[in-house]
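The values are calculated or read from the model by the stated rules, or taken from the named source; none is laboratory data. Just so you know, these numbers come straight off a predicted model, no measurement behind them. Counting neighbours? That spans all protein chains shown, and the Cβs are built from the backbone with ideal geometry, glycine included. When the accessible area is computed, the model is the full protein with side chains, heavy atoms only, and any ligands, DNA or RNA have been set aside. Shrake-Rupley method; radii C 1.70, N 1.55, O 1.52, S 1.80 Å.
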Amino acid sequence: MTTQHDTIRAIVWTGSELQLLDQRLLPQRKEYLSFSRAADVAQAIKDMVVRGAPAIGITAAFGVVLAARDALARSGADWKNAIESDLQALAASRPTAVNLFWAIKRMRLKISSAGADPYAELLAEAQRIHDEDIAANRRMGSYGAELIAAGSGLLTHCNTGSLATGGYGTALGVIRSAYAAGKVTHVFADETRPWLQGARLTAWELVQDQIPVTLLADSAAGYLMQQGKVQWVIVGADRITANGDTANKIGTYSAAVNAKHHGVKFMVVAPTSTIDMSLADGSAIPIEQRPKDEVLGFGGQTVAASGADAWNPSFDVTPADLIDVIVTEKGVVQNPNRDRMHALITRCSQ
Ligand code: MRU
């Protein structure tokens, strides 16, 4: 169900196939692509048709449903072996967002316990993953908005909204909730080079949902903070480790350093499916390196001097001590560290 300031859904199960809003075309064109094979879903994740950590996880879960349908048709009783190559292709699509591996693990559990109607059971599980994500985002929206004082300017980085999740968003969900509560004077969004998730996607979502937004070049964020226009930087996460270190879109670390220098509060908003307690700290997070031409060019056109090399990490890691608060659907962790993250996860499992 969508409501005011929340009208967009990027992942749609039609009853027989998966539809994904092609995020590479936004904001110029709003087109859904249809998928009936898991291998094509894996390629779509790789190619950024769909992106954002929770959205990647949900998409992979529906990919597993398509894989099971195919394996059942091809191999009958041997479907659990026949599905394996598709599961591996899905897991190899992008390395940093742990939600992908979390969702595949959850679907694997259903595969191993599947009864008389595996397809229906797996479809129900994928739909639960989708629905639970939206519910988690709504909860995080209110937890995060409670922390924001009336009259605040907010800055966000990348796209963490309905496009990046099952719906509503993580950091953008908090911004939606705080805006609906009348607490926000101004929403600023970094354009987010090189994919322009801020300029193309966050700005599009906020305009669609009638929340005014001001874009800035990523490099203008420090000056904006120096001018006292921002009280909170609010971002999402692709993976949070056991000590609270957080991988997110490249540029997040710079925003956190700037926030600390200017006394601006820094909030990470992510569901517990983004927390990876198996990694002690952020140095162990695999960071995706993307093609150099994303930096050397723009819109398919080369702009850099010919002969120049490029470095294009898609994510960076913000150390926990630069983070004031991590907001999850299970509660809020102030000044995150190993003990407080452990306490959150222990509370969750009780
Ligand atoms: O490369 P992308 O667009 O998938 O990166 C997305 C981000 O870094 C988001 O901030 C993160 O996944 C959180 S989305 C709720």
- Query: Would you pick out the residues in the stretch 225-240 that are among the basic types (Lys, Arg) and in a loop (DSSP other than H, G, I, E, B)?
  - Reply: 229
- Message: Based on this model, can you work out whether residue 227 counts as touching a residue at least 40 places away in the same chain (Cβ under 8 Å) and open to solvent by 10 Å² or more (accessible area, probe 1.4 Å)?
- Response: no
- Note on the structure: Given (1) within 28 Å of residue 293 (Cα to Cα); (2) outside any strand (DSSP E or B); (3) open to solvent by less than 40 Å² (accessible area, probe 1.4 Å); (4) within 16 Å of the ligand (Cβ to nearest atom), residue 222 misses just (4)
- Task: Would you point out the residue of the stretch 9-59, among those that are touching a helix residue (DSSP H, G or I) at 6+ places or on another chain (Cβ under 7 Å) and farther than 25 Å from residue 314 by Cα, that is surrounded by the fewest Cβ atoms within 10 Å (Cβ to Cβ)?
- Result: 36
- Query: Within the stretch 256-271, how many residues are open to solvent by 30 Å² or more (accessible area, probe 1.4 Å) and either within 16 Å of the ligand (Cβ to nearest atom) or within 29 Å of residue 166 (Cβ to Cβ) (or both)?
  - Reply: 1
- Quick check: is even one residue across the stretch 290-301 within 16 Å of the ligand (Cβ to nearest atom), farther than 27 Å from residue 132 by Cα and β-branched (Val, Ile, Thr)? yes
- Looking at the stretch 295-307, is at least one residue surrounded by fewer than 20 Cβ atoms within 10 Å (Cβ to Cβ), outside the structural domain of residue 55 (by TED's automatic domain parsing) and in contact with a Pro (Cβ under 7 Å, 6 or more places away or on another chain)? yes
- Query: Name the helices (runs of 4 or more DSSP H) wholly within the stretch 17-87 that hold at least 1 residues that are under 17 Å from the mean Cα position of the chain (by Cα)?
  - Reply: 38-46, 53-75
- Residues that are touching a helix residue (DSSP H, G or I) at 6+ places or on another chain (Cβ under 6 Å): which helices (runs of 4 or more DSSP H) entirely in the stretch 245-350 hold 3 or more of them? 252-262
- For the stretch 90-201, please list each of the helices (runs of 4 or more DSSP H) lying entirely inside it that holds at least 2 residues being closer than 23 Å to residue 240 by Cα, open to solvent by 40 Å² or more (accessible area, probe 1.4 Å) and within 15 Å of the ligand (Cβ to nearest atom). 98-113, 118-146
- For the stretch 241-255, how many residues meet the condition of being of a type in the set (S, T, N, Q) and either open to solvent by 10 Å² or more (accessible area, probe 1.4 Å) or free of Cβ contacts under 8 Å to residues at least 12 places away in the same chain (or both)? 2
